[in-house]
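Here is the structure we will look at.
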Amino acid sequence: MGGGAARGLTHIPFIEAIDELGLRPSLIAGTSIGSLLGSAWAAGFEGREIRELAYEYLGSLRTILGRIWSRRFRDLGAVIRGGLSMQLNAVEVIESFVPNNMPRDFADLDVPFQIVATDLHTWHQVVLLAGPLIPSIAASVAIPSVFKPLHYEGRVLVDGSVVNPLPLDCAHRGMDIVIAIDVSGVPQDYDESVIPSQFEIGWRSAQIMMHSLAANSLAAYPPTVYARPHVKDFGAMEFWRVKEIVEAGQDQKDLFKRQVAQAVEDFIVSQQRSV
């Protein structure tokens, strides 16, 4: 499950598709937004439940900001000691957007789960698969400049998409069928007369790098089924457009289901022939 900021909400229809086929992953690997949605799936939430939670928690900009700021100012003393910052605390944000019945440790998940983050000092990928779940998700979603880097287990961690936006290397080992969901998006249509903002320039540059990294991952670890939703008309942080974004991924749901069903059928046939 790849990274793609708000566009990553298009993971949801694909999760629903696999649920509707009656399939259950043997392992889930996620980076950035893929780590957040993937953790809910690994915890036993069905795709339809994840959709309902996304609509409830992200339904409007006011709802999103209310959740973030209510948690941030819950401990006023900590705010005063730490000072105000334009950068968000990733742990606080994740705590604001996971349900109360979400497991707090990898050991309590229903499906083995691996989360990718980036070590800011060594420039290496870090795969988190044991221990507290929330800090691991927070590290993986910590988009540079938007979120403060996370000091965790002796490392300084940021968004997993910086080094691995499509963690096929994690999901490939020992698997018979590998499904890759690439939500990095495609180039947007832009008005050439409008100069992009500083944030948009940074985000577009990051998308170009993510696309190149994902292409390398696909070449090194070819998946059995590859899905790349054609989502382009959404900004990186426009999470309040959740319904539009999810619906944009809905168009490819039926095709994806047929591809996964065919992959399963082909695998069963190959096993029968080898007996």
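The values are calculated or read from the model by the stated rules, or taken from the named source; none is laboratory data. Remember, predicted model here, so these are calculated numbers, not experimental data. Note that each Cβ is placed from the backbone with ideal geometry, even for glycine, and that neighbours are counted across all protein chains shown. For accessibility, only protein heavy atoms count, side chains too; no ligands or nucleic acids. Shrake-Rupley method; radii C 1.70, N 1.55, O 1.52, S 1.80 Å.
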(request) Please turn the phi angles of the range 20-35 into ³J(HN,Hα) values with the Karplus equation 6.51 cos²θ - 1.76 cosθ + 1.60 (θ = phi - 60°), one per residue in order, whole Hz, x for glycine and proline. (result) 5, 7, x, 9, 9, x, 7, 7, 10, 10, x, 10, 6, 4, x, 6
(request) Mind checking which aspartates and glutamates have their Cα closer than 19 Å to the Cα of LYS232? Skip sequence neighbours fewer than 8 apart in that chain. (result) ASP182, ASP189, ASP191, GLU192, GLU200, GLU244, GLU247, ASP251
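Over the chain, give the accessible area per residue in Å² for a 1.4 Å probe, as an integer. Numbers along the way, then the final one.
Working: 13790 Å² over 275 residues.
Ligands and nucleic acids excluded, the result is 50 Å² per residue.
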(request) Using label points projected 7 Å from each Cα along Cα→Cβ, tell me how many nm separate ASP251 and ALA130, to one decimal. (result) 4.5 nm
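Give me the net charge of ASN101's neighbourhood, meaning all other residues with Cβ under 12 Å from the Cβ of ASN101; Lys, Arg count +1, Asp, Glu -1. Provide the component values of the computation, followed by the final result.
Numbers: positive: ARG104; negative: GLU49, ASP108.
Here the charged neighbours net out to -1.
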(message) Students often check this: by mean Cβ neighbours within 10 Å, which of 259-272, 186-199 ranks highest, and how do the rest follow?
(response) 259-272, 186-199
(request) Can you grab the distance from the C-alpha centre of the range 98-125 to the C-alpha centre of the range 206-261, Å, no decimals? (result) 21 Å
(message) If packing is taken as the average count of other Cβ atoms within 10 Å, what order do 148-161, 49-62 fall into, highest mean first?
(response) 148-161, 49-62
(message) Let me check against my output: what whole-number percent is the relative contact order of the range 182-269, with C-alpha pairs under 8 Å and at least 6 apart?
(response) 40 percent
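Using DSSP, restrict attention to beta bridges with both residues in the chain and report what percent are antiparallel, rounded to the nearest 5.
Numbers: 11 of 20 bridges.
Bridges in the chain are about 55 percent antiparallel.
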(request) Could you please report the charge total around ILE12, scoring K, R as +1 and D, E as -1 over all other residues with beta-carbon less than 11 angstrom from its beta-carbon? (result) -2
(request) Determine the sum of side-chain charges near SER184: Lys and Arg each +1, Asp and Glu each -1, restricted to other residues whose C-beta is under 10 angstrom from that of SER184. (result) +1
